[in-house]
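Visitor: Let me begin by handing over the structure; questions about it come next.
The values are calculated or read from the model by the stated rules, or taken from the named source; none is laboratory data. What you are looking at is a predicted structure, and each value in this text was computed from that prediction instead of being measured. Cβ: placed from backbone, ideal geometry, glycine included. Neighbour counts: every protein chain shown.
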Amino acid sequence: MDKYRQSNISARQLTTMTVFFTIGSGILIVPSSVASLAKHDAWIACLVGLVIGIVILSMYNLLTKAYPQLNLVQMMEAIFGKWLGKALALMVVVTLFLTCPSPALYYTGNFVTTQIMPETPTQAINILFIVVIIMGVKLGLETLARSSELMFFPFIILLISFIILILNQTQTKNILPIMENGMRPIWPATLSFLATVFLPHFCLLIFHSSAVKKPKEARRALLIGSMIGGLAITLIVALTILVFGSDIISLSMYPSYLLAQKINIGNFLQRIEVIMGIMWYVTLFFRIAIYLYFTALSLTYILNLRDYRSLVMPLGMILVSLSEIIYPNVTFQQSWDSETWLSYTVVLSVFLPVIMLFTHMIRNIGANGATESSSNSSSPSNSSNSSNSQSSSGSSGSSGSSGKVSPSPRIRLSQRVHRTLQTRLIRLTC
């Protein structure tokens, strides 16, 4: 069980990694997808999604509480059995690798080539970025955790500065009237927010409780980090609506980058949208690195390999190729993100953990019933044995008091029968 155990990380490091993983690519793409569904009420959809996301993460914490020192693959093997558990784990790993890190890497190259360096091929951007990610993943989880802890405070300072500098561009009329169409358009936007921000946290179970020394602190760190990241994205969504309005945001692919271009303090402090690009690249690094680490470590457990590091380079090369073919065009990307991805991530990140929890509960009920029945069946025999021992001890005590050992009734009866047979034989011979 401890053959592939990774280095221990602290709860604070898990918090910072969860913050970066939560923000990830959502800081640039979530405002557009949510505003296209809920319009100027997109910030309300994000708040609702934040509450529901915390409930879903609490369900993940129940799994880690039931299996405190196991990762995701080991949990599935312990719940469903060796063969079925590994088969389900392999399906989860392969589908997640095809649908999660490759789109994130696609957004990396697409953003740079459309917003910053239009003449640079996307392959060059993706290769340079994945090389750095491969180096980080090969160094191990502890190195990634320390680097996230090191980058957390500069990231928070940049985020707070970005929010303060854009406040003078906001207009309250852009979010009015609040809930004009009721809750009906908010629910689809909430689901879109959950699918991008919170539901991919299912892959964090690969090291959530097995890498942190104190599982209770790990469960708290997951909730705190997810809440901080969800609130950061909610603030970005609210600011983009307050500055541009929902119509412009829904038509833009990267509205957060446009928001950074609006910063202008005294015609001196301006054109600092590169800050948003730096923040986005930091979060994308940790998101893709965690995806790659999850895939390599899970395959190591499933295939019973010695070390996950031998898989990192081939998986990174496959990831670069997939990033070029995962989205043939923008129309396919929007259709995939709004329809296929939503259904898949709900099944994987909600229904599968629910089935795992119910299976665990049913197995515990059956095990408890079996132990109770075995204890009840063994209690009468124990009582009879105790009564026999008491009777024998009592007889031995009485014999000890008289000084002679009195034979039992069975022995006396056999002696009488033996004497009777002897007398009859003597008479016959005479």
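Visitor: Being of a type in the set (Val, Ile, Thr) and closer than 23 Å to THR16 by Cβ is true for just one of THR108, THR120, THR114. Which residue is that?
Guide: Criteria check complete, one pass: THR108.
Visitor: Scan segment 283-327 for residues that are within 21 Å of the chain's Cα centre (by Cα) and among the β-branched types (Val, Ile, Thr) and jot them down.
Guide: Residues satisfying the conditions are THR283, ILE288, ILE290, THR295, THR300, ILE302, VAL312.
Visitor: Going through PHE152, PHE111 one at a time, which residue ends up being under 26 Å from GLN270 (Cβ atoms) and either under 30 Å from the mean Cα position of the chain (by Cα) or of a type in the set (Val, Ile, Thr) (or both)?
Guide: Of PHE152, PHE111, the one residue that is under 26 Å from GLN270 (Cβ atoms) and either under 30 Å from the mean Cα position of the chain (by Cα) or of a type in the set (Val, Ile, Thr) (or both) is PHE111.
Visitor: So, one more: Kindly provide the set of residues from segment 206-224 that are assigned to a helix (DSSP H, G or I) and farther than 17 Å from VAL19 by Cβ, ordered by number.
Guide: ILE206, PRO215, LYS216
Visitor: Another question, then. Given the condition in contact with a Leu (Cβ under 7 Å, 6 or more places away or on another chain) and closer than 30 Å to MET75 by Cβ, answer yes or no: does some residue in segment 232-248 qualify?
Guide: Taking every residue of segment 232-248 in turn, at least one turns out to be in contact with a Leu (Cβ under 7 Å, 6 or more places away or on another chain) and closer than 30 Å to MET75 by Cβ.
Visitor: Can you say whether PHE294 is at pLDDT 80 or above, aromatic (Phe, Trp, Tyr) and either surrounded by fewer than 22 Cβ atoms within 10 Å (Cβ to Cβ) or in contact with a Cys (Cβ under 7 Å, 6 or more places away or on another chain) (or both), as far as the supplied structure shows?
Guide: Taking the combined requirement at face value, the residue satisfies it.
Visitor: Separate question: Do we have SER148 as buried (at least 17 other Cβ atoms within 10 Å of the Cβ) and either among the hydrophobic types (A, V, I, L, M, F, W, C) or closer than 25 Å to ASN8 by Cβ (or both) here?
Guide: yes
Visitor: Could you pull out every one of the helices (runs of 4 or more DSSP H) wholly within segment 80-182 that has 1 or more residues that are touching a Cys at 6+ places or on another chain (Cβ under 8 Å)?
Guide: 82-99
Visitor: Kindly evaluate ILE52 against the criterion of being hydrophobic (A, V, I, L, M, F, W, C), surrounded by fewer than 19 Cβ atoms within 10 Å (Cβ to Cβ), more than 16 Å from LEU205 (Cβ to Cβ) and out of contact with any strand residue (DSSP E or B) (no Cβ under 6 Å at 6 or more places or on another chain).
Guide: Against the criterion (hydrophobic (A, V, I, L, M, F, W, C), surrounded by fewer than 19 Cβ atoms within 10 Å (Cβ to Cβ), more than 16 Å from LEU205 (Cβ to Cβ) and out of contact with any strand residue (DSSP E or B) (no Cβ under 6 Å at 6 or more places or on another chain)), ILE52 qualifies.
Visitor: Another question about this same structure. Taking HIS201, is it in contact (Cβ under 8 Å) with a residue 24 or more places away in the chain, closer than 19 Å to PHE286 by Cα, outside any helix (DSSP H, G or I) and not charged (D, E, K, R)?
Guide: Judged against the criteria, HIS201 is not a match.
Visitor: Further, regarding this structure: Note down all Cβ pairs under 6 Å where the first residue falls in segment 329-340 and is farther than 16 Å from ALA35 by Cα and among the β-branched types (Val, Ile, Thr), the second is surrounded by fewer than 16 Cβ atoms within 10 Å (Cβ to Cβ) and modelled with pLDDT under 80, and they're at least six residues apart or on different chains.
Guide: none
Visitor: Also: For residues that are modelled with pLDDT of 90 or more, buried (at least 16 other Cβ atoms within 10 Å of the Cβ) and farther than 14 Å from SER323 by Cα, tally how many sit in segment 106-140.
Guide: Within segment 106-140, residues that are modelled with pLDDT of 90 or more, buried (at least 16 other Cβ atoms within 10 Å of the Cβ) and farther than 14 Å from SER323 by Cα number 5.
Visitor: Within segment 307-331, restricting attention to residues that are under 19 Å from GLY26 (Cα atoms) and hydrophobic (A, V, I, L, M, F, W, C), which residue is surrounded by the fewest Cβ atoms within 10 Å (Cβ to Cβ)?
Guide: The extreme case among them is VAL330.
Visitor: If I ask for residues that are part of a helix (DSSP H, G or I) and not aromatic (Phe, Trp, Tyr), which ones from segment 183-198 would you list?
Guide: Across segment 183-198, the qualifying residues are ILE186, PRO188, ALA189, THR190, LEU191, SER192, LEU194, ALA195, THR196, VAL197.
Visitor: What's the number of the only condition in (1) in contact with a strand residue (DSSP E or B) (Cβ under 8 Å, 6 or more places away or on another chain); (2) modelled with pLDDT of 90 or more that TYR60 fails to meet?
Guide: (1)
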